[in-house]
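Only the coordinates and a few stated rules stand behind these numbers; no lab work does. Because the structure is predicted, anything quoted here is derived from the model rather than measured. Using ideal geometry, Cβ is built from the backbone for each residue, glycine included, and neighbour counts are taken over all protein chains shown.
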Protein chains: 2
Amino acid sequence: MPKQPNIYDVAVAAKVSHQTVSRVINHSPSIKPETKSRVLLAMETLGYRPNLAARALALSKTNMLGILTSDTDFTGPASMAHHMESAARAQGFFVVTCGIDPSDEKSVKDGIEHLMKLGIEGLAVIAPQLEAVEVIRKMVGSVPVVTLDSMYRMDELAVSVDNFSGGSAATQHLVDLGHRNIVHISGPKNWFESTARAAGYTATMLTAGLTPRVIEGDWELSTGHRIGLEVNLESKALSAFFIANDRMAIGFLHAMRQRGISVPGQVSVVGFDDLEESGYCWPPLTTLRQDFKELGNRAMSLLLDEILGKPGRKLDRLIPDLVIRDSTAAAAESTGQ
Amino acid sequence: MPKQPNIYDVAVAAKVSHQTVSRVINHSPSIKPETKSRVLLAMETLGYRPNLAARALALSKTNMLGILTSDTDFTGPASMAHHMESAARAQGFFVVTCGIDPSDEKSVKDGIEHLMKLGIEGLAVIAPQLEAVEVIRKMVGSVPVVTLDSMYRMDELAVSVDNFSGGSAATQHLVDLGHRNIVHISGPKNWFESTARAAGYTATMLTAGLTPRVIEGDWELSTGHRIGLEVNLESKALSAFFIANDRMAIGFLHAMRQRGISVPGQVSVVGFDDLEESGYCWPPLTTLRQDFKELGNRAMSLLLDEILGKPGRKLDRLIPDLVIRDSTAAAAESTGQ
DNA sequence: AGGCTAAATGTGACCGCTAACATGAACAGG
DNA sequence: CCTGTTCATGTTAGCGGTCACATTTAGCCT
């Protein structure tokens with residue numbers, strides 16, 4: 001295969017110096033239109049493509065961004081990553097993704113090391129566990145890092161969903177419907193989203209003079225299902241569940257159907273995320289919508305502003321919307337209908 | 001910020017020449033252990049990190065791979081991309097993803113151009129539309145391309161699910177249960193997966209002496225739902241649907257519930273994909289499982305073999321598994337129960 | 001026409017790394 | 001003790017761009 005042409009080849013073909021070619025590439029203003037078109041023609045005929053490695057070397061600027069994403073196929077992270085990539089590309093940046101297992105410190109470190117070798121100029125982290133974030137911030141040196149829906153600190157770039165207010169809204173909705181015994185099925189304790197949602201739940205329960213009760217889950221569909229099968233619904237007029245994500249909620253609803261318990265007749269259920277499926281399950285799930293696209297876009301915008309030295313805010317917070325569907329209804333008086 | 005150290009800095013610190021440092025980096029055999037550890041120490045204390053742009057320039061080898069993925073947040077593509085990335089990283093390659101809208105030729109071209117500028121050494125395409133693939137193969141020159149579950153040709157790298165046999169198995173399952181009027185709700189015509197599944201369906205229907213009938217869908221949940229609401233179930237003892245993906249099937253099941261039509265009592269439904277939710281919808285969906293992880297791994301393995309010059313096969317095909325759940329049952333005699 | 005300024009283009013060095021070749025030290029055999 | 005090998009290391013050039021600066025050309029005024 002014949003080697004790729006470089007600026008010198010183009011220069012010869014266009015009868016100009018290599019620097020002139022470089023000027024054309026970089027849209028330098030002081031170049032005669034006539035020369036410019038001659039160079040452009042030469043580039044076209046030779047099939048010239050600038051070598052980004054060479055440019056990166058000369059400028060010490062790689063135009064690369066990294067996305068560190070947790071090791072799952074959940075739609076949330078995938079969607080955020082996807083939209084971040086689009087936003088970055090629009091600004092001429094390349095996005096290198098790197099999947100990690102956030103519970104394994106070695107995996108996290110290897111992932112970062114991998115990205116740092118590349119010379120990334122910014123990093124987005126979609127790994128919403130408390131531990132991982134600290135490790136990451138230490139390793140990247142002066143590379144800006146934006147976290148998505150994760151650690152929440154005033155001094156760092158972060159876009160997050162206001163999980164506290166989401167948890168609170170979910171709970172308040174159930175309280176408003178007259179429910180008294182509301183149980184929260186949470187995510188794992190070491191996820192920031194999880195603790196914030198639980199905190200919103202707890203605060204709202206206490207404010208309403210109710211007793212919070214939390215069952216720890218792990219985001220998994222199968223776990224929601226299992227808890228749904230096991231939970232004791234006889235003892236004390238248990239009438240509502242706020243479940244920390246839709247996947248567990250979908251599993252939970254399935255368990256209710258299997259047990260012949262009517263939702264929302266006997267039990268009301270609120271989820272969190274608003275997956276597409278949530279509107280089509282049985283019954284359609286009341287939930288809190290997270291706008292992953294918006295989250296991804298804002299995160300990338302924060303990161304790019306930081307890289308390009310624009311001032312701007314460092315924190316951004318999205319409020320999830322309560323989407324009321326059929327899985328919640330007013331509580332029956334004292335005992336179930 | 002102090003500039004990143006380079007090999008010369010390390011060389012000075014270790015009192016060797018820069019080339020010796022380079023040799024240590026590249027694990028050259030002829031280096032005295034004593035010298036090597038001295039260099040290693042110097043690198044450690046200076047916090048040296050090799051500059052990949054410089055290496056790429058010197059070697060004309062970027063170690064970059066591209067993934068072109070269609071513009072959706074479906075779990076299939078996300079999962080495949082994710083597993084391809086892991087496999088590539090294990091071999092020291094970097095993966096740059098690029099989301100495109102495969103129905104928009106400009107978007108496809110821009111995406112490829114973006115990746116080609118980087119100097120990718122291989123490309124994986126997860127954009128299962130007929131048109132896109134041809135455009136892509138033309139643009140990449142001699143860069144190897146692997147397609148996932150897409151165009152299927154004997155002369156190119158490709159991993160695909162045997163959609164024909166999947167469509168056939170789904171249909172045969174319904175035929176075996178005694179259904180006579182089986183309708184297929186397909187994906188869009190310009191997707192290869194779509195036409196292959198439909199072909200499997202049609203062939204099996206004809207073999208069984210039945211009349212195929214296809215309604216064209218578009219993969220969307222909402223479309224499955226809409227078709228489910230609109231479809232005429234009275235006229236001719238319509239008793240079974242083979243739906244080209246689980247998302248549409250989930251929407252369809254929802255419509256059946258809303259219309260009070262019992263599944264599988266009156267109508268049997270088979271999907272395709274085996275999403276996690278499919279096992280937890282109502283009723284749990286009979287479907288064909290696609291192993292996205294395996295698909296991603298095999299695709300990357302094919303691509304890397306090609307890049308690294310190993311011989312090996314060029315085509316790989318996975319057979320989807322029929323997963324029988326509760327949404328299918330034997331047909332009632334003549335008219336519905 | 002001469003002289004001055006601005007616009008357009010050319011020249012050389014350098015970014016950090018590796019390949020190819022050159023050199024030096026250590027050691028063997030005669 | 002000298003030469004021929006081998007091993008370990010050093011030296012130089014070049015990958016394909018960009019920058020800083022040098023040079024040429026063009027435009028304008030007097």
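Let me know the charge dipole size of the range A:163-290 about its Cα centre in debye, to the nearest 20, where only the beta-carbon of Lys, Arg (+1) and Asp, Glu (-1) is charged. Before the final figure, lay out each step's value.
Values: 10 positive and 12 negative charges, 77 e Å.
The calculated dipole for the range A:163-290 is roughly 380 debye.
How large is the translational diffusion coefficient of chain B in µm² per second when you combine the Kirkwood radius over alpha carbon pairs with Stokes-Einstein at 10 °C and 1.306 mPa s?
Numbers: Rh = 22.7 Å.
After rounding, the answer is 70 µm²/s.
Near the axis that takes chain A to chain B, which A residue has its beta carbon closest, and at how many Å?
Taking Cβ atoms only, the nearest residue and its distance are A:78, 2.
Do you know the relative contact order of the range B:163-290, to the nearest whole percent, from alpha carbon pairs under 8 angstrom that are 6+ apart? Don't skip to the end; give the middle numbers.
Details: 245 pairs, mean separation 31.1, N = 128.
Computed over the range B:163-290, the figure is 24 percent.
Rounded to whole Å, give me the distance from the Cα center of the range A:112-130 to that of the range B:101-153.
Computed from Cα coordinates, the inter-centre distance equals 27 Å.
Got the relative contact order for chain A handy, in percent, Cα pairs under 8 Å and 6 or more residues apart? Show your work: numbers first, answer last.
Numbers: 642 pairs, mean separation 52.6, N = 337.
Across chain A, relative contact order equals 16 percent.
Any lysines with Cα under 22 Å of the residue A:36 Cα? List them, leaving off those in the same chain fewer than 8 positions away.
Excluding near neighbours in sequence, the set is A:15, B:117.
Kindly rank A:3-11, A:217-225 from highest to lowest mean number of other beta carbons found within 10 Å of each residue.
So the peptides A:3-11, A:217-225, ranked by packing, come out A:217-225, A:3-11.
Explain nothing, just the number: relative contact order of the range B:7-50, from Cα pairs under 8 Å at least 6 residues apart, as a whole percent.
Relative contact order here is 44 percent.
Kirkwood Rh and Cα-based Rg: tell me the resulting Rg over Rh for the range B:5-75, rounded to two decimals. Walk me through the numbers on the way to the answer.
Working: Rg = 17.2 Å, Rh = 14.0 Å.
Reported Rg/Rh (Cα atoms, Kirkwood Rh): 1.23.
When DSSP beta bridges are limited to those with both residues in the protein assembly as shown, what percentage is antiparallel, rounded to the nearest 5? Mind showing how you got there, number by number?
Values: 9 of 79 bridges.
Once the DSSP bridges in the protein assembly as shown are tallied, antiparallel ones form about 10 percent.
Can you find, among A:185, A:245, A:265, the residue sitting farthest towards the positive end of the charge dipole of the range A:163-290, where Lys and Arg contribute +1 and Asp and Glu -1 at Cβ?
Positive-end residue among those listed: A:265.
For the Cα atoms of chain B, what angle does the longest principal axis make with the long axis of helix B:221-230, in degrees from 0 to 90, nearest 10?
Helix B:221-230 sits roughly 10 degrees off the main axis of chain B.
Place the label 7 angstrom along Cα→C-beta at residue B:232 and in each other copy, then list the distances from the first to the rest in nm, shortest first.
In nanometres, ordered from closest: 5.6.
Arrange the peptides B:14-24, B:76-86 so that the one whose residues have, on average, the most other Cβ atoms within 10 Å appears first. Numbers along the way, then the final one.
Numbers: B:14-24: 17.8, B:76-86: 24.2.
Ranking, from highest mean packing down: B:76-86, B:14-24.
Take the alpha-carbon centre of the range A:81-100, take the same for the range A:273-298, and report the distance between them in whole Å.
Their Cα centres are 23 Å away from one another.
How far apart, in nm, are two points set 7 Å out from the Cα along the Cα-to-Cβ line at residue A:12 and at residue B:134?
Here the answer is 3.8 nm between the modelled labels.
Restricting everything to alpha-carbon atoms, can you work out Rg to Rh for the protein assembly as shown with a Kirkwood hydrodynamic radius?
Details: Rg = 28.3 Å, Rh = 27.6 Å.
Result for the protein assembly as shown is an Rg/Rh of 1.02.
Quantify how strongly other chains surround peptide B:249-259 by giving the mean number of their Cβ atoms within 10 Å of each of its Cβ atoms. Intermediate values should be presented prior to the final figure.
On the way: counts 0, 4, 4, 1, 3, 7, 1, 0, 4, 2, 0.
The shielding value for this peptide is 2.
Calculate the spin-label point distance for residue B:26 paired with residue A:103, positioning each point 7 Å from the Cα along the beta-carbon direction, and give it in nanometres.
4.2
Can you tell me how much longer the chain between residue A:35 and residue A:110 gets when fully stretched, taken as 0.36 nm per residue apart minus their C-alpha distance, in nm with one decimal?
Working: separation 75, 0.36 × 75 = 27.00 nm, distance 4.86 nm.
Going from the current span to full extension adds 22.1 nm.
Taking a ≥ b ≥ c as the square roots of the Cα gyration tensor eigenvalues, with a/c under 1.5 meaning rounded and otherwise prolate when a/b beats b/c, else oblate, which class fits the range B:200-263?
Numbers: a/c = 2.31, a/b = 1.39, b/c = 1.66.
Since a/c reaches 1.5 but b/c is at least a/b, the shape of the range B:200-263 is classed as oblate.
Using the Cα centre of the protein assembly as shown as the reference point, and only Cβ charges (+1 on K/R, -1 on D/E), how large is the resulting charge dipole? Debye, rounded to the nearest 20. Walk me through the intermediate numbers first.
Numbers: 66 positive and 76 negative charges, 490 e Å.
Computed charge dipole of the protein assembly as shown: roughly 2360 debye.
Against the longest alpha carbon principal axis of chain A, how many degrees, from 0 to 90 and to the nearest 10, is the axis of helix A:75-90 turned?
Once rounded, one gets 30 degrees.
Based on Cβ point charges of +1 for Lys and Arg and -1 for Asp and Glu, what charge dipole magnitude is obtained for chain B about its Cα centre, in debye rounded to the nearest 20? Mind showing how you got there, number by number?
On the way: 33 positive and 38 negative charges, 277 e Å.
Computed charge dipole of chain B: roughly 1340 debye.
³J(HN,Hα) across the range A:132-148 via Karplus (A = 6.51, B = -1.76, C = 1.60, θ = phi - 60°), whole Hz, x for Gly/Pro?
3, 4, 5, 4, 4, 4, 5, 7, 8, x, 9, 6, x, 10, 10, 9, 10
Straight-line reach from residue B:189: which lysines fall under 27 Å, measuring Cα to Cα and dropping same-chain residues less than 8 apart?
B:106, B:109, B:138, B:236, B:293, B:314
How large is ³J(HN,Hα), in whole Hz, for each residue of the range A:259-276 in order, when computed from phi with the Karplus curve 6.51 cos²θ - 1.76 cosθ + 1.60 and θ = phi - 60°, using x for Gly and Pro?
Values, residue by residue: 8, x, 9, 7, 10, x, x, 9, 9, 9, 9, 10, x, 7, 2, 6, 5, 4 Hz.
Which listed residue (A:41, A:7, A:17) has the Cα farthest towards the positive end of the charge dipole for the range A:7-50, taking +1 on Lys and Arg C-beta and -1 on Asp and Glu C-beta about the Cα centre?
Farthest along the dipole direction, towards plus: A:17.
For the range B:160-303, state what percent of all Cα-Cα pairs lands in each successive 10 Å bin, counting from 0 Å until the bin that includes the largest distance.
12, 44, 34, 8, 2, 0
Helix A:192-207: angle to the longest alpha-carbon principal axis of chain A, degrees 0 to 90, nearest 10?
In chain A, helix A:192-207 runs at an angle near 40 degrees to the longest axis.
Among A:103, A:161, B:210, whose Cα projects farthest towards the positive end of the dipole of the protein assembly as shown, with charges put on the beta-carbon of Lys, Arg (+1) and Asp, Glu (-1)?
Positive-end residue among those listed: A:103.
What ranking of A:295, A:285, B:206, B:68 emerges when the number of other C-beta atoms within 10 Å of each C-beta is taken as an exposure proxy, fewest first? Numbers along the way, then the final one.
Working: A:295 23, A:285 30, B:206 11, B:68 26.
Ascending Cβ contact count within 10 Å gives the list B:206, A:295, B:68, A:285.
If you put a point 7 Å past Cα along the Cβ direction, how far is that point for residue A:8 from the same point in each other copy, in nm, smallest first?
Those separations, rounded to one decimal, come out as 2.1 nm.
Please report, for residue A:259, the nm distances (one decimal) from its label point, 7 Å out from Cα along the beta-carbon direction, to the equivalent points in the remaining copies, shortest first.
Inter-copy label distances (nm, one decimal, shortest first): 3.3.
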